[in-house]
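The values are calculated or read from the model by the stated rules, or taken from the named source; none is laboratory data. All values derive from a computational prediction rather than experimental measurement. Every residue, glycine among them, receives a Cβ derived from its backbone with ideal geometry; neighbour counts consider all protein chains shown. The protein model used for the area step is the full one, side chains on, heavy atoms only, and it has no ligands, DNA or RNA in it. Shrake-Rupley method; radii C 1.70, N 1.55, O 1.52, S 1.80 Å.
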Amino acid sequence: MSTRRKPIVAGNWKMNLDGAKARSLTEAVAARAGEAGSVDLVLCPPALYATTVAAALGLAAGNSPSGVALGGQNAHDKESGAFTGEVAPGMLRDIGSRYCILGHSERRTLFGETDATVNAKVKAVLAAGLTPIVCVGESLEERESGRTEAVVSEQVLGSLAGIPAADLAKLVVAYEPVWAIGTGKVATPQQAQDVHALVRSLLARLSSPTVADTIRIQYGGSVKPDNAAELAACPDIDGALVGGASLKADDFLAIAKAFG
Ligand code: PGA
């Protein structure tokens, strides 16, 4: 983690919880957000509970009294239209969201999203005034066959193609090795740092070293309170995208504190 970049820790709740649990978890995180120190906290609930979380955070006119922000888990690349079951970026903004996860590996592998799809979504989400959290990461088979660099490079360059430096400066990248997601198998700090440094060099190629130096890169994949500190100590790891451990306020806040 660098002193130049404010850490960002986001909870990806995926398709979990119900309305009452979403509310109580939000209230618990908001009440204790100060424990995390100087870190941006983001909650990404299922779309159906986004308004529940917005209300529990007391979001009004873009302000969050607790400082905790709301994010989506996905968005469509069009602003409106005949897209049954989809959520538009403007709708997320309308209910007070500031962030949106895009290109999560579950979207890529289970819902057929490609770098081109993700690229269109990144542009739409930026146009709606939200901060995209753009996910990249290699599978186990890709790592074991020595293709991590090639795969991650292709994802970063493809997902972020044609985005001006001024917009790149606004987004967040999440490196999430697929083999570490929900498996309890975390990347070693060295493995994570190596890919984060690669991602930053790619961002520099797409913009400039000065801009790349300001972009926050989160690590995701089995981040827990007991491994967060060693990840936070790495120079290019600027926060975490947390799945399972974000469903418990204690664990989520302990992870945030390790970065704060
Ligand atoms: P995990 O998920 O923390 O449960 O491994 C991370 C993610 O998918 O963003």
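Say R0 is 30 Å: what FRET efficiency, to the nearest 0.05, do GLN191 and ALA165 get from their beta-carbon distance?
Working: r = 29 Å, r/R0 = 0.95.
Between GLN191 and ALA165 the formula returns 0.55.
For the chain, what is the accessible area per residue in Å², given a 1.4 Å probe and the full set of protein chains? Don't jump to the answer; show the numbers that get you there.
Details: 10810 Å² over 260 residues.
Spelled out: the 1.4 Å probe surface of the chain, per residue, equals 42 Å².
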Please give the Cα centre distance for segment 210-235 versus segment 56-118, rounded to the nearest Å. 22
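Suppose R0 equals 30 Å. What FRET efficiency, 1/(1 + (r/R0)^6) with r the Cβ-Cβ distance, do ALA150 and LYS6 give to the nearest 0.05?
On the way: r = 31 Å, r/R0 = 1.04.
Rounded to the nearest 0.05, the efficiency is 0.45.
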Hey, can you grab everything whose amide H is under 5 Å from the amide H of ILE8? Only 5+ residues off in sequence or another chain; H modelled, so Pro and N-termini drop out. ASP40, GLY239, ALA240
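Taking K and R as +1 and D and E as -1, what net charge do the other residues with C-beta under 12 Å from the C-beta of LEU92 add up to? It would help to have the intermediate numbers written out before the result.
Working: positive: ARG93, ARG98, LYS121; negative: GLU79, GLU86, ASP94.
Combined, the nearby Lys, Arg, Asp and Glu give 0.
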Once amide H atoms are placed 1.01 Å from N in the peptide plane, what residues at a sequence separation of 5 or more from ILE101, or on another chain, have their amide H within under 5 Å of its amide H? GLY72, GLN73, ASN74, ILE133
What is the sum of charges around ALA150, taking Lys and Arg as +1, Asp and Glu as -1, for the other residues whose C-beta is under 12 Å from the C-beta of ALA150? -2
Taking amide H atoms as placed 1.01 Å from N in the peptide plane, list the residues 5 or more away in sequence, or in a different chain, whose amide H sits under 5 Å from that of ARG216. VAL173
Estimated translational D of segment 8-259 in µm²/s (Stokes, Kirkwood radius over Cα pairs; 20 °C; 1.002 mPa s): 120
For n ≥ 4 DSSP H runs only, could you compute -39500 (n - 2.57) per run for the chain, divide by its residues and tell me the 222 nm figure to the nearest 500? -11500 deg cm²/dmol
Where does the charge balance sit around ASP115 when Lys and Arg score +1, Asp and Glu -1, over other residues with C-beta under 14 Å from its C-beta? 0
DSSP loop chymotrypsin sites (Phe, Trp or Tyr not before Pro) in segment 1-110 with at most 14 other Cβ atoms within 10 Å of their Cβ, which ones? PHE83
How much of the accessible area of segment 163-206, in percent, comes from carbon and sulfur atoms when a 1.4 Å probe is used? 58
Rounded to whole Hz, the Karplus (6.51, -1.76, 1.60) HN-Hα couplings of segment 173-187, x for glycine and proline: 10, 10, 8, 10, x, 4, 5, 9, 7, x, 9, x, 9, 8, 5
Approximate spin-label separation LEU48-SER24, in nm, with each point projected 7 Å along Cα-to-Cβ: 1.9
